[in-house]
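Working notes, beginning with the structure itself.
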Amino acid sequence: MTDDLDPLRDASDAVLLQASAYVDGVLTAVERATAEGSPQVMALVAQMTTARTALASASVAVDSRHRDGAIAAALALHRSHPVDADARMRTGGGRVLELRRSRRWLGSLAAAALVAVVGIGVASLVASDGDEPATSDSFSIEAASASTQLADTGATSDGDQRSGGVDEINAPASIADDATAQPGGGDPSGALPAALPTPDLATESDLRDFVRARAAGSPGSVATSAAADSGVCGYDGADVIGSATYLGGPSLVVVDGDEVVALDPETCVEQLRAHAP
Amino acid sequence: MAADDDASLISAARAGDTVALDRLLRRHYDRVLAVCRRVTGHDADAADAAQEALMAIVRGLDRFDGRSSFGTWVYRIATNASLDELRRRRRRPLLAGGQPDAPGTEPVDATAANRLDAIDARSELDAALAGLAEEFRVAVVLRDVGDLDYAEIAEVLGVPLGTVKSRIARGRALLGAALSGNSDASDQRPRSAP
């Protein structure tokens, strides 16, 4: 091909867009007629059609072993992290968390009621009310122990965010993350701190923006969770920048040399990496 | 008979139905692999990326809210898994050549002549795709392999519609030029930001 037959050379953005739109069949009749009156545009259309045809027709062979292996790994992950589908009906905003809380409180209440019944029975036999847990006490004990247990599992990724972001719409749905979604789960005072937006990272640009925002010292941005103290995925606590979500799932952002990395805090799989801004 | 559409399978999977999840993943695996293969340019990297994508789908399944189609959501995950794999590859020591897969790694036509032609065509396509900037390659793959429309691609990539159109236009132009034998086409960079 000689240069004078290369329609791409010196093609403006407008010409490229016109040719691409022609290939996609989204031009109006008038626009199409205009395009067809331009040799450069039509030459580009021909090249673009070649590209499109090549891509569309080139099949990708599926290795059944790889496919079965990938699906098996995904199913294993599903079995190891069963989800409570009922509790995760998306009703919008903080109501997702309210539904979770109500479910847990109901469970605790039911357990407390059972204990109370048993306790009354025992008390009537031994004539002692020392072992009879009041409903409210059992309720609070159950809730406290649940909060403690869940807080332990959830602290590695979201404590810093959740201490300010209890009512986040996109609160990750993993079991670990439920902990910090509990009311006062990370705050002994029981008060609900102001919600912080949880950025959903999808690109390296998102990651850099997140780091810049944290560096700017936005309120509640400093990682104060157990993750900051104990480290996670091999990173020291001091390396932890904060928590976010990646494609809706939990993500922990850390410093790695002169780069910043978003990790899945459960599997430590790297999600994103970018040069530190 | 249980409904077999994506929405029904998703609901069942969320409720713990492993069979439903298996069916759902098998239904979408091929398209995931196709995107991964065309973005990464390597069979092995594509397989790894596809597995990562499936696992990400499982992790995020209960957060899928239906605002986009499930297929669009899956493509977004596959795209990001592919880009992650590319980043990991850049940090790995280069193997011999560091080139796209050698010819003959994919099944081809039965006859020898067709086989060679098919190998050449695939190698040429892989090389042409590898010559594109990542942002153009991804946009073109999503459009011409994934058959997503502009709005869906904008959602997948998290960029404006105009940016999608520009990237597709430039990506197609460069890819077409490379396949047509304009040897300096793949060296061209955008004259304006997409």
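The values are calculated or read from the model by the stated rules, or taken from the named source; none is laboratory data. Computed from a prediction, not measured in an experiment: that's the story for all the values here. When we count neighbours, we look across all protein chains shown, and the Cβ atoms used for this are built from the backbone with ideal geometry, even at glycine. Surface accessibility is based on the protein's heavy atoms, side chains included, excluding ligands, DNA and RNA. Shrake-Rupley method; radii C 1.70, N 1.55, O 1.52, S 1.80 Å.
Yes/no per residue for (1) hydrophobic (A, V, I, L, M, F, W, C); (2) over 30 Å from A:Leu16 (Cα atoms); (3) open to solvent by less than 60 Å² (accessible area, probe 1.4 Å); (4) at pLDDT below 85:
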{"residue": "B:Gly98", "(1), (2), (3), (4)": "no, yes, yes, yes"}
{"residue": "B:Gly162", "(1), (2), (3), (4)": "no, no, yes, no"}
{"residue": "B:Leu175", "(1), (2), (3), (4)": "yes, no, yes, no"}
{"residue": "B:Pro190", "(1), (2), (3), (4)": "no, no, yes, yes"}
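Filtered by the rule that a residue be part of a helix (DSSP H, G or I) and open to solvent by 70 Å² or more (accessible area, probe 1.4 Å), the range B:12-34 gives B:Val19, B:Arg23, B:Arg26, B:Arg27, B:Asp30, B:Arg31. Can you find even one residue in the range B:135-150 that is more than 18 Å from A:Ser57 (Cα to Cα) and either at pLDDT below 90 or among the β-branched types (Val, Ile, Thr) (or both)? No; the residues of the range B:135-150 include none that is more than 18 Å from A:Ser57 (Cα to Cα) and either at pLDDT below 90 or among the β-branched types (Val, Ile, Thr) (or both). The set of residues in the range B:119-150 that are touching a residue at least 24 places away in the same chain (Cβ under 8 Å) and basic (Lys, Arg) comprises B:Arg137, B:Arg143.
Looking only at the range B:134-154, residues that are buried (at least 21 other Cβ atoms within 10 Å of the Cβ), touching a Leu at 6+ places or on another chain (Cβ under 9 Å) and under 16 Å from B:Ala81 (Cα atoms) come to 6 in all.
Evaluation of B:Ala56 against the conditions (1) surrounded by fewer than 24 Cβ atoms within 10 Å (Cβ to Cβ); (2) within 10 Å of chain A (Cβ to nearest Cβ) shows that the sole unmet condition is (1). Scanning the range A:56-80 for residues that are at pLDDT 90 or above and open to solvent by 30 Å² or more (accessible area, probe 1.4 Å) returns A:Val62, A:Asp63, A:Ser64, A:Arg65, A:His66, A:Arg67, A:Asp68, A:Gly69, A:Ala72, A:Ala76. Residues of the range B:35-47 that are at the interface with chain A (Cβ under 10 Å from one of its Cβ atoms) and either open to solvent by less than 10 Å² (accessible area, probe 1.4 Å) or under 19 Å from A:His78 (Cβ atoms) (or both): B:Val35, B:Cys36, B:Arg37, B:Arg38, B:Ala46. Every condition in (1) among the small types (Gly, Ala, Ser); (2) at pLDDT below 95; (3) out of contact with any Gly (no Cβ under 8 Å at 6 or more places or on another chain); (4) crowded, with 20+ Cβ neighbours inside 10 Å holds for B:Ser183 except the one numbered (4).
Scanning the range A:25-53 for residues that are facing another protein chain (nearest Cβ under 8 Å) and either open to solvent by less than 30 Å² (accessible area, probe 1.4 Å) or touching a residue at least 60 places away in the same chain (Cβ under 8 Å) (or both) gives A:Leu44, A:Gln47, A:Met48, A:Ala51.
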